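As structure tokens, the structure follows; a few thoughts come after it.
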Amino acid sequence: MQRRIAVCVVAAVFAVACSQSPKSRTTASSSVASPTTVTSITVAPATSSETAPTASGTSATSATSATSATSATSANPGYSANITRTTYGIPHIVADDWGSLGFGQGYAFAQDRACTLIDQVIKVRGERSKWFGPGDGDANLNTDFAYRQLGLHTTADKRFANQPPNVADMIKGYVAGFNAELVAQGPHGWCEGKPWVQPITTTDVYAYLNDVLLFASSGVLIQPIATAQPPQAAPPDTIAASADASTGSIAAAPSKFNLKTTMASNGWAIGASLSERGGGMLLSNPHFPWEGEKRLWESQLTLTTGELNVYGVSLSGVPGVLIGFNDNVAWTHTVSAGYRMTLYELTLTPGDPTSFVYGNTTEKMTSKDVTIEVMQADGTTKPQTRTMWSSHYGPLLNLPFGWTTEKAYTMRDANIDNPDALAQFFGMDAAKSMDDFINVHRTANGIPWVNTIATSSDGRAWYADTAATPNLSPAALAVWKANVDSGALAKTVLDNGAILLDGSDPVNEWVDDPAATRPGILAFAKQPQLERSDFVFNSNDSHWLANPAQLLTGYSPLTGPEVVPQSPRTRMNAMLLADPAVRGADGRISLAEMEGALFSNRGLHSDLLLKSVIQACDATPSATIDETPYALADACGVLRNWDGRYNLDSKGAPLWREFLGRFKTRTDAGDLYAVPFEPTDPVGTPNTLNADTASVLTKLATAAKALFAAGHPIESALGEMQFDGRAGSDRTPLPGGQNLDGAASIVACCSGAKTLAPKGDPGTFNTADGFTTLGYPVSTGDSFIMAMEFTSGGPHAEALLTYGQPDDPASPDFTSQTKLFAKGTFRPVLFTPDQIKAGAISTATVTGRRG
């Protein structure tokens, strides 16, 4: 007998009335999104005994097609999408039009991660305090005030008003499908049954997309935005509430700050002259959090019209595919080393800390009173108001330099008014050739904060950093460079991930270029690009070293530094690409060789220095710690028996990692390396162990002593200390290095997720050590790993999503791919209709009426 799931009518205000829904939902009103009627679906019973890894939120055993009853009219055809889940819960979504495709993707995503998106919607609405109280240290309060100040939600409809029809249709369908699943089945996991679970609107999705675009700019300044107040009073907030709403005080400026995003990646594009089969090849290896909103989610999207057939991943809650491939092109992204914003120092008008000098005039800052609702201890809510300040550049900031009677600080963000991201990605998804793909970058220019590494079926390999970048005049750049060279304040800010300009001098305004798609940003023709037939790559250093044989120079310094030491991870990736063992006997790279290179778990420093450190040990088998001798025989023996890899059974990897962590300089000559960085050999330098071996061995002794004191034997295998650290995980032991190690395959702590979802316990760090009281718990690093090649028969790919598709730890798919990752095993990507049919775990058709 079939089980009928009632899907209720979602009215204009999204009041859910459902007599047959399995769970009741708290409702909320919205100012957006057209009324949407969702019709019922019927899920067929299981007809197969297949039970291998389940598809989250769907029947784990059904391999038959579900039917659907629709009340759509011929004049207004409803949404209709087919969702086939294959092994590990991957949804393959097929529809006749963009709106229906969005409906299917939104429905499937809600089955897996509804909690994640709803949590983020509450964040961008500025409503965390309403539902969860002020938070520890007023964290929720400050988040709400910052997002209200940024205005992402209140301005979303205006900012995204002129989307191309396919984008607008996809978003409407995505929202309708997401809400339909909430009513039909409800969220699975940590938010199930919570009062704040509610339908979303198109405004919510656009506002959240805008937040995603700010991950590498305003998104790292939430606390400074929220707490910026003029110096004359810095009064408590006006609180129409009892004292338990919060402390009521504004936080002091942090003594330390870091505006660099923690996200990272590796990306390789192999061209025809280096690939085994002559077509393009791609290695996608983003290093993103394993918890929260920055997790990637996998799907395939197909339009029956032939307009689109794309496979890959998107950030949670973002429609479309951001990293992936179609029949013609494949691409990945790495976080750019360029700048997405500029900070400004304002010289204030004497006697008025809310006015500043601007050229030959004085400009008044603007203010607005922002009021939010704050949950009290008794469950009621009361309003709280804070005055928020802005300059014409953007919001005022509470930076370590302080807002004094003489100086204040503000910023301008290149992505705050970026409406083109989805049009850009949808155009990439549908590209029919590399020329099409490149032209999308030229005409849309909506990439927010990433490099693009791409290849094509005809074997072209292309690198570009087309991320939104401020366009400064030569005069402004000259002054900025002089400040950097002199070691002035701008250098301090530069080291922390931003640049600081004199906001009182109009010369530092961004320059509008008629060739650019938006005011104030670099035009496509002025952004770094490189096409080659062998390879291009990036590992989060700048464009300069996209290929060691053709260094890129002469670009705006805001696109990233040139002629500088490269990170150990960049050098390791370049070495792997050039390694004869990776290229094989034929001098070309195969898919297996590319996968093997990433999972070789080599480390740059162990490759270059391990033998020398062992030789130093043999010559002097003791060291001095605080004037006390320390025998090194055991530590030297551990390193002598280590192969220099970061595998599960690598005994010596933890000791070496802790040893490396005690050096101040690992990218140039210093206490670790003797030979300095040489611009003509950026991959091979620095090298050679520092001749002061006594100092080197003291660091080894200190590392051994720290491990022993923490209860970790110095001969510990990596798998005995490094494990899946997510909340609800089974602590699967994991291989892989860290950026510290100079590895390519990266796993690390801690995710830094801006979510209220449960997060794993990282343990307690001792500031001198890389391990915590728990060892090396992993909550960020290798996420979506894909190796693909274009063959004469079409695309062929293998992949892993290390943390799986679902939010819910109770789902087997929460850890099933983590276990594959632990073994260094890829799974096949199912792309063709025959492959999908053969691998189907469940199939359902979901339908709904269009608003």
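The values are calculated or read from the model by the stated rules, or taken from the named source; none is laboratory data. Note that the structure is predicted; figures quoted are calculated from it, not measured. Quick reminder, even Gly has a Cβ in these numbers, built from the backbone with ideal geometry, and neighbours come from all protein chains shown. Just the protein is used for accessible areas: all its heavy atoms, side chains included, with ligands, DNA and RNA removed. Shrake-Rupley method; radii C 1.70, N 1.55, O 1.52, S 1.80 Å.
Okay, here's what the table says:
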item: Test: residue in the stretch 712-723 that is among the charged types (D, E, K, R), buried (at least 17 other Cβ atoms within 10 Å of the Cβ) and more than 20 Å from residue 779 (Cβ to Cβ); result: yes
item: Options 613, 638, 683, 696: the member that is in contact with a helix residue (DSSP H, G or I) (Cβ under 9 Å, 6 or more places away or on another chain) and part of a loop (DSSP other than H, G, I, E, B); result: 683
item: Odd one out for residue 798 among (1) open to solvent by 20 Å² or more (accessible area, probe 1.4 Å); (2) part of a helix (DSSP H, G or I); result: (2)
item: Matching entry among 579, 643, 586 (being surrounded by fewer than 17 Cβ atoms within 10 Å (Cβ to Cβ), under 24 Å from residue 695 (Cα atoms) and acidic (Asp, Glu)); result: 643
item: Top-ranked residue of the stretch 327-352 - restricted to ones that are touching a helix residue (DSSP H, G or I) at 6+ places or on another chain (Cβ under 7 Å) and in a loop (DSSP other than H, G, I, E, B), ranked as nearest to residue 407 (Cα to Cα); result: 339
item: Condition check for residue 805: polar (S, T, N, Q) and assigned to a loop (DSSP other than H, G, I, E, B); result: yes
item: Test for residue 686: is it of a type outside the set (Val, Ile, Thr) and either modelled with pLDDT of 95 or more or on the phi > 0 side of the Ramachandran plot (or both); result: yes
item: Any chance residue 841 is at pLDDT 95 or above, in contact with a Gly (Cβ under 9 Å, 6 or more places away or on another chain) and over 29 Å from residue 706 (Cβ atoms); result: yes
item: Filter result (open to solvent by 30 Å² or more (accessible area, probe 1.4 Å) and within 20 Å of the chain's Cα centre (by Cα)) within the stretch 742-781; result: 749, 750, 752, 754, 756, 758, 759, 762
item: Residue that is farthest from residue 130 (Cα to Cα), among those in the stretch 762-777 that are in contact with a Ser or Thr (Cβ under 9 Å, 6 or more places away or on another chain) and at pLDDT 85 or above; result: 775
item: Matching residues, the stretch 564-605, being over 27 Å from the mean Cα position of the chain (by Cα) and assigned to a loop (DSSP other than H, G, I, E, B); result: 579, 584, 585, 586, 587, 588, 590
item: Some residue of the stretch 116-129 being at pLDDT 95 or above, farther than 12 Å from residue 756 by Cβ and in contact with a Cys (Cβ under 9 Å, 6 or more places away or on another chain); result: no
item: Test result for residue 732, under 28 Å from residue 283 (Cβ atoms) and surrounded by fewer than 24 Cβ atoms within 10 Å (Cβ to Cβ); result: yes
item: Qualifying residue in the stretch 476-492 (condition: under 25 Å from the mean Cα position of the chain (by Cα) and either at pLDDT 95 or above or buried (at least 18 other Cβ atoms within 10 Å of the Cβ) (or both)); result: no
item: Count of residues meeting criterion [more than 19 Å from the chain's Cα centre (by Cα) and open to solvent by 10 Å² or more (accessible area, probe 1.4 Å)] in the stretch 320-347; result: 4
item: Flag for residue 261 being touching a Phe, Trp or Tyr at 6+ places or on another chain (Cβ under 9 Å) and either open to solvent by 10 Å² or more (accessible area, probe 1.4 Å) or modelled with pLDDT of 95 or more (or both); result: yes
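To keep it simple, each residue is scored yes or no on (1) open to solvent by less than 10 Å² (accessible area, probe 1.4 Å); (2) not in a helix (DSSP H, G or I).
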position	(1), (2)
94	no, yes
99	yes, no
102	yes, no
106	yes, no
112	yes, no
143	no, no
146	yes, no
